[in-house]
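Novice: Below are the structure tokens for one structure; questions will follow.
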Amino acid sequence: MKKNQIELQIRVPNQTRYLSLIGRLSEELAAQLQNHADDQDALANQINVVLTEALVNAIRHANANDPDEMVEIKISIADKELLLQVFDHGKGFDLDSASDTSLDTDDELEDHGRGLYIMRSLMDSVSYYPVKGGNVLEMRKKFQ
Amino acid sequence: MNLKIEDNGGVVLLVVKEERLDAHNSDYLKQELGRLFEEGKTKIVVDLKEVRFIDSSGLGALVSGFKNASSRQAALKLSSLQSQVKSMFELTRLHRVFDIYTTVDEAIEAF
């Protein structure tokens, strides 16, 4: 672990009722990033949003809504980078072929497909790859 | 999900009494909007004054309501967006789709 790094690992059942708990925790952690954003509230909300989107992907798609499954969240804050990881234990999904509303006029009124767009817009990188026992959705954001 | 629904001189005011509108509770909002349109309501204001956080599912529920209204020649307007909620509408460009008002009164008067 790097010097001055904060790391938080949370494990919750594969249920959307835990979204608000994870959201609140992530906003509290964002308050530690005092020197990394002009608008602290906006950054806290962005972290809350991208973690919520990643968790919903894990709960509904990767873990196929199985309430007995678990999802793990790891938040790492170093001097110059924020790393968010959401681990599932399912078969996974293809991130590139996942619905991604491009916000063209035709797509603007789709009910679904904004989650991936939101994650990609608010973070510097979004990737999804297999790990032992499942998959991880990984998001990084660099600070100036 | 905690919703307050009242009739205001022919305009239905639906107040979302939740801090978060997300994948956990947004289906209920979508169903309630659907039920109101099924009942023949044509003017609905969704007040988001208490909502501090919205995700893509919450936005999707409102988009569903908007489309439902458009297909029935009814209208759905939004009011009282907090700053972070407004940011999500702007990020997804949905602020160009919805009629959004600063206060409930302005939204109701706009019908």
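The values are calculated or read from the model by the stated rules, or taken from the named source; none is laboratory data. Computed from a predicted structure; not experimentally measured. Cβ coordinates were reconstructed from backbone atoms using ideal geometry, including for glycine residues, and neighbour counts include every protein chain displayed.
Novice: Quick one: A:GLY23 ticks every box in (1) of a type in the set (Gly, Ala, Ser); (2) in contact (Cβ under 8 Å) with a residue 40 or more places away in the chain; (3) within 11 Å of chain B (Cβ to nearest Cβ) except a single one, so which number is it?
Specialist: Condition (2) is where A:GLY23 drops out.
Novice: Out of curiosity, is B:HIS24 surrounded by 15 or more Cβ atoms within 10 Å (Cβ to Cβ) and in a loop (DSSP other than H, G, I, E, B)?
Specialist: Answer is yes for this residue.
Novice: Would you call A:VAL50 buried (at least 20 other Cβ atoms within 10 Å of the Cβ), β-branched (Val, Ile, Thr), within 14 Å of chain B (Cβ to nearest Cβ) and under 20 Å from B:THR92 (Cβ atoms)?
Specialist: Yes: the conditions hold for A:VAL50.
Novice: If you check A:LEU95, A:LEU19, A:LEU43, which single one turns out to be at pLDDT 85 or above, of a type in the set (A, V, I, L, M, F, W, C) and farther than 24 Å from B:MET1 by Cβ? Quick ask: steps written out before the conclusion?
Specialist: On the way: A:LEU95 fails: at pLDDT 85 or above; A:LEU19 fails: farther than 24 Å from B:MET1 by Cβ.
After applying the criteria, what remains is A:LEU43.
Novice: Need pairs with beta-carbon distance below 8 Å; first residue surrounded by fewer than 15 Cβ atoms within 10 Å (Cβ to Cβ) and within region A:121-136, second at pLDDT 95 or above and among the aromatic types (Phe, Trp, Tyr); sequence gap 6+ or separate chains.
Specialist: Note: pairs meeting the criteria are A:VAL131/A:PHE87.
Novice: Would you mind stating whether A:ALA62 is among the small types (Gly, Ala, Ser), touching a residue at least 60 places away in the same chain (Cβ under 8 Å), touching a Gly at 6+ places or on another chain (Cβ under 8 Å) and more than 9 Å from every other protein chain (Cβ to nearest Cβ)? Give the derivation first.
Specialist: Details: among the small types (Gly, Ala, Ser): yes; touching a residue at least 60 places away in the same chain (Cβ under 8 Å): yes; touching a Gly at 6+ places or on another chain (Cβ under 8 Å): yes; more than 9 Å from every other protein chain (Cβ to nearest Cβ): yes.
Here the answer is yes, as A:ALA62 does meet what is asked.
Novice: Here's something else I'd like to know. Which of the residues belonging to region B:65-79 are touching a helix residue (DSSP H, G or I) at 6+ places or on another chain (Cβ under 7 Å), surrounded by fewer than 22 Cβ atoms within 10 Å (Cβ to Cβ) and among the polar types (S, T, N, Q)?
Specialist: The one that is touching a helix residue (DSSP H, G or I) at 6+ places or on another chain (Cβ under 7 Å), surrounded by fewer than 22 Cβ atoms within 10 Å (Cβ to Cβ) and among the polar types (S, T, N, Q): B:ASN68.
Novice: So how many residues does region B:26-58 have that are over 24 Å from B:GLU109 (Cα atoms) and not basic (Lys, Arg)?
Specialist: The qualifying residues number 10.
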